[in-house]
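Quick notes on the structure that follows.
The values are calculated or read from the model by the stated rules, or taken from the named source; none is laboratory data. Model, not experiment: these values are computed from the prediction. Because the Cβ atoms are built from the backbone with ideal geometry, glycine has one as well, and the counts that use them run over all protein chains shown.
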Amino acid sequence: MAEGQRRGTFAEPVTRQPRLAPTFWQFDCPQQAACSQLTAPDSRISIGSPRMGAADMGIAFLDLQAIYRQDQAAYDAAYRRVMDSGRWILGPELLAFEKSFASYLGRRHAIGVGNGLDALTLALQVCGIGPGDEVLVPAHTFIATWLAVRQCGATPRAVEPAEGSFCIDTAGVAAALTPATRAVLPVHLYGQPADPAAMRTLCAERGLLMVEDAAQAHGARHRGEAIGSFGRLACYSFYPGKNLGAFGDAGAVVTDDDALAQALRARRNYGSHTRYAHDSEGVNSRLDELQAAWLSVRLARLDAHNVQRKTQAARYLERLAGVPGLVLPQVPEGDEPVWHLFVVRSTRRDALQAALAERGIETLIHYPRAVYRYPPFAAFGPAGRTPSDRLADEVLSLPIGPHLSLEQIDTVAEAVIDGAGT
Ligand SMILES: Cc1ncc(COP(=O)(O)O)c(C=O)c1O
């Protein structure tokens, strides 16, 4: 492939074969150590706990068993249906879920894969992103966004969030472009749209691939348009604690591009559309029938759950307005966030978290370090203190979600008001 073609615009359909992910990457970070102690990838839920939350605390950050119990009959019926069908992989449940998820987002295709990290990796690979390519990523995100870029052999390049936002700054992206930049990977962090219309315009003008990391933003909208419909592809995680979560690992890529969808379907399945016809190289990353069946149940509840989150967030915003030392999340005009997380900022974050814990209120930190402060990515980090370093020191995620009542939100808000003054 000639260099000029490789740097070509992503308005063109992709015709070349995707490159294989290199296997050199050494993953050696505290997050992984935490995983080995049965802590989930983004530290939100303790897998060892039967309630997947702080069962013995007053107000749990997350309680997946409560979410299961709310619709137990429907989840159990889906389980029975799959067990009776005798189909476990690439069957009718996956097809049905893919169809309804694509239609929910208004996209032509959804391709179910094993998890959100694979969704990102495969999406970049089928677009031919590989060694020598630079991909612009937020400094403040979950590490998976960066790992996907490395798994393609490409180079992540950090962009800081805009002032007052948690998401990647579009102007920062424009300023960071180099001749090697081929793609931008905006993350709709915490369920907040990452300025996607402006990013789409910028990418179109500069001939860049835009892949949305929508792992935290199922159902969010920007100026009436669904998040997940701005990039050439968008990637989802259905990790259990997500707004649309499975009861295990799962993910999906959505796109309107028929050729990319076909390439993704083959790539997730050993490079094969038909048994033993391996026309391209691939991996094994398939969303299984049970998870797909449960996801269909949860998808039908997604809008209602998101409305609950929105109501809870509105209550927090109202109750916590003007609390000294507390910075509340902003919602720019035209954004409809889905409040995967409700994140406040305080320069006295650790004391506030301790005060809440004393009252039995579980909070978490998303994320305790900018990605370039983790050992595998240390070479990518600037020397001085950055906006993302400040966020890492100040952010605190308060409990939110369909397992909570508005009374519990009030209880948390009161504890925050008291804790902020201590
Ligand atoms: C922003 C973001 N991207 C990617 C991922 C990776 O998803 P998964 O854990 O399903 O691999 C996550 C998951 O937590 C995430 O929050």
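Tabulated data
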quantity	calculated
Condition met for TYR270 (in contact (Cβ under 8 Å) with a residue 12 or more places away in the chain, surrounded by 21 or more Cβ atoms within 10 Å (Cβ to Cβ) and of a type in the set (Ser, Thr, Tyr))	no
First in region 199-220 and farther than 16 Å from ALA171 by Cβ, second anywhere and surrounded by fewer than 24 Cβ atoms within 10 Å (Cβ to Cβ) and of a type in the set (Val, Ile, Thr), Cβ under 8 Å, 6 or more apart	GLY207/THR9
For LEU352: the one exception among (1) among the hydrophobic types (A, V, I, L, M, F, W, C); (2) within 26 Å of ALA215 (Cβ to Cβ); (3) in contact (Cβ under 8 Å) with a residue 40 or more places away in the chain	(2)
Hits in region 247-260 (condition: surrounded by 24 or more Cβ atoms within 10 Å (Cβ to Cβ) and either under 16 Å from LEU295 (Cα atoms) or not polar (S, T, N, Q) (or both))	ALA250, GLY251, ALA252, VAL253, VAL254
Set GLU362, GLU414: member being out of contact with any Ser or Thr (no Cβ under 7 Å at 6 or more places or on another chain), surrounded by fewer than 19 Cβ atoms within 10 Å (Cβ to Cβ) and not assigned by TED's automatic domain parsing to the domain that holds GLU163	GLU414
Test for ALA226: is it within 14 Å of the ligand (Cβ to nearest atom) and among the small types (Gly, Ala, Ser)	no
Considering residues of region 211-223 that are in a loop (DSSP other than H, G, I, E, B) and buried (at least 24 other Cβ atoms within 10 Å of the Cβ) only, the residue farthest from the ligand (Cβ to nearest atom)	GLY219
Residues located in region 229-245, provided they are away from the ligand (no atom under 15 Å from the Cβ) and in contact (Cβ under 8 Å) with a residue 40 or more places away in the chain	SER229, ARG232
Candidates ILE59, ILE89 - the one that is away from the ligand (no atom under 16 Å from the Cβ) and surrounded by 15 or more Cβ atoms within 10 Å (Cβ to Cβ)	ILE59
